[in-house]
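Asks: Handing you a structure now.
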Amino acid sequence: MLKLDVLNLAKRFGARKVFESINFSLTPGESIAIVGPNGSGKSTLLRLIIGLNIPTKGKVVFSDDGEPLEFDAYRRRLALVSPYLSLYGSLTGKENLRFFAKVNGDNISDQEIDSLLAQVGLQGRGEDFVSAYSSGMLQRLKYAVALAKNAEILMLDEPSANLDESGKEAVSDIIESRRKNSILIIATNEKEEYALAERQCQLGQ
Amino acid sequence: MPSGNVNWVSKVLAVTEKDIVSEFRTRYAINAILMFALVTLTVISFAVGAFSPTKEVMAALFWIILFFAAMSGLAQVFIKEEESGTALALKLASDGTVIFFGKLLFNLALLFALTVIVVPLFIILLKTEPANWLFFLYAILLGNIGLAGATTIIAAIVSKATIKGALFTVLSFPVLMPLLIAVIEITKSAFLGGVFKDIAAPMQLLVAYDVVMIILSYLLFDFVWRQ
């Protein structure tokens, strides 16, 4: 079984302490909300968990049946939706989906693409260039890309950013559909999103 | 749900195809490269119009044009990903080897497109042509592979820096020095109509340079790309 262990994690930027002694473990079906005010290190913690930044202290271990996984092994099983993650503006929504699926090693059919776009409320907009998308549409497309990966680890940084009410409902539906079989990590400072996860990790205290 | 049966080569080609499609739509790198090449060619043709430079000088001029034109565009392959924020999505979507070879192929395609335009213009404007076309093709083929190999990894390194453009040229120049010396030597022989004995040593150097540079870049890339 897939498992994430965050062990005594700490991060400093020069003399500034961002956070320290962060500990939690998650297996599929479990979820955690990383909460705290702006600048408390929520996105930094997500990047550390993914393995894109180096912690000052502590470590993050992804394992499968007790065997530690290398970056490439857990990267394939991980999807991220974040304001810092952009998609290709010079490609259409469908081209983005097809490209990300293909480099991840998956063949995706036109029907599957249409179904994903419908799931995030972008039906009929798949042929538009992403550069012409509004920020809310872009956020929806990021969810479609994450869903196409069918990941076991779903990391959502500010999950409702730029979304209208129907977008927020779509996100709730996505989270509910994935909750049972995925490790879910949500970084947010929106109080109503705290309830999307079972546990909380408070930063900035 | 999507089925996972795409092989490594298809993934690499998907990265190259994405970059080519993006490049044709945005003309982010190709405009800079072509404009630089055309301006340099025109300036040189005016400058040497009144007299005939030696074949040795012609060989050097040819590679100066290609080198600086390439410097103005090849770095974009990673700088664009970092500046637009798509690098993070790409890091999570595929492993480093796929990205490296996809980008390397794109840079190679860009260099060969540049060469196809520069060579006839160079011949027409500077009123010269290689006496030995085979040597000239060797020089272009091996020179472009080495240029693409070295600049792809350097582009990945400088894409994290603040002063990307200047740093790219400064870092590339010493790394590309052996390649430029060898390739100019072969091109000189091509213009002078030399025999194979004249280019054996620079050819060996060039082949070794290309192999070492691509293997080293491949080994280093994952470390550079993930940080």
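None of the figures in this text is laboratory data; all of them are computed from the coordinates on show. A quick note: this is a predicted structure, and the numbers were derived from the prediction, not measured. Glycine also receives a Cβ, built like all others from the backbone with ideal geometry; neighbour counts cover every protein chain displayed.
Asks: Tell me, which residue of region A:45-65 that is within 14 Å of A:THR27 (Cβ to Cβ) and not small (Gly, Ala, Ser) is farthest from the other protein chains (Cβ to nearest Cβ)?
Replies: Checked region A:45-65; the qualifying residue farthest from the other protein chains (Cβ to nearest Cβ) is A:ASP65.
Asks: Pull out all pairs, ordered by first then second residue, where Cβ-Cβ is under 7 Å, the residues are six or more apart or on different chains, the first lies in region A:11-29 and is more than 15 Å from A:LEU48 (Cβ to Cβ), and the second is of a type in the set (A, V, I, L, M) and surrounded by 13 or more Cβ atoms within 10 Å (Cβ to Cβ).
Replies: What qualifies is A:SER25/A:LEU4; A:THR27/A:LEU2; A:THR27/A:ILE183; A:PRO28/A:LEU2; A:PRO28/A:ILE183.
Asks: Let me ask something else about it. Exactly one condition in (1) more than 14 Å from every other protein chain (Cβ to nearest Cβ); (2) in contact with a helix residue (DSSP H, G or I) (Cβ under 9 Å, 6 or more places away or on another chain); (3) farther than 21 Å from B:ALA166 by Cβ is not met by B:ALA47; state its number.
Replies: (2)
For every residue, the table says whether it meets (1) among the acidic types (Asp, Glu); (2) free of Cβ contacts under 8 Å to residues at least 60 places away in the same chain; (3) crowded, with 22+ Cβ neighbours inside 10 Å.
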{"residue": "B:VAL9", "(1), (2), (3)": "no, yes, no"}
{"residue": "B:TYR28", "(1), (2), (3)": "no, yes, no"}
{"residue": "B:VAL48", "(1), (2), (3)": "no, no, no"}
{"residue": "B:PHE101", "(1), (2), (3)": "no, no, yes"}
{"residue": "B:ASN107", "(1), (2), (3)": "no, yes, yes"}
{"residue": "B:LEU114", "(1), (2), (3)": "no, no, yes"}
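Asks: Ok, one more. Has region B:72-84 got at least one residue that is under 11 Å from the mean Cα position of the chain (by Cα), part of a helix (DSSP H, G or I), among the aromatic types (Phe, Trp, Tyr) and away from chain A (no Cβ under 13 Å)? Don't jump to the end; show me each part of the working.
Replies: Initial filter on region B:72-84 (under 11 Å from the mean Cα position of the chain (by Cα)): B:72-75.
From what is left, the residues that are part of a helix (DSSP H, G or I) are none.
Within region B:72-84, none of the residues are under 11 Å from the mean Cα position of the chain (by Cα), part of a helix (DSSP H, G or I), among the aromatic types (Phe, Trp, Tyr) and away from chain A (no Cβ under 13 Å).
Asks: How many residues does region A:66-122 contain that are at the interface with chain B (Cβ under 9 Å from one of its Cβ atoms), closer than 18 Å to A:ILE174 by Cβ and among the hydroxyl-bearing types (Ser, Thr, Tyr)?
Replies: Of the residues in that region, 1 qualify.
Asks: Between a first residue in region B:153-169 that is assigned to a loop (DSSP other than H, G, I, E, B) and a second residue that is among the charged types (D, E, K, R), which pairs have beta carbons less than 9 Å apart while being 6 or more apart in sequence or on different chains?
Replies: From residues that are assigned to a loop (DSSP other than H, G, I, E, B), the pairs are B:SER159/B:LYS80; B:SER159/B:GLU81; B:SER159/B:GLU82; B:SER159/B:GLU83; B:LYS160/B:GLU82.
Asks: Collect the residues in region A:48-72 that are closer than 19 Å to B:ASP222 by Cβ, loosely packed, with under 15 Cβ neighbours inside 10 Å, out of contact with any helix residue (DSSP H, G or I) (no Cβ under 9 Å at 6 or more places or on another chain) and aliphatic (A, V, I, L, M), keeping them in residue-number order.
Replies: Once the filter is applied, which keeps residues that are closer than 19 Å to B:ASP222 by Cβ, loosely packed, with under 15 Cβ neighbours inside 10 Å, out of contact with any helix residue (DSSP H, G or I) (no Cβ under 9 Å at 6 or more places or on another chain) and aliphatic (A, V, I, L, M), region A:48-72 yields nothing.
Asks: For the structure I just gave you, tell me whether B:VAL43 is in a helix (DSSP H, G or I) and closer than 30 Å to A:LEU97 by Cβ. Walk me through how you get there before you give the answer.
Replies: Working: in a helix (DSSP H, G or I): yes; closer than 30 Å to A:LEU97 by Cβ: no.
No: the conditions fail for B:VAL43.
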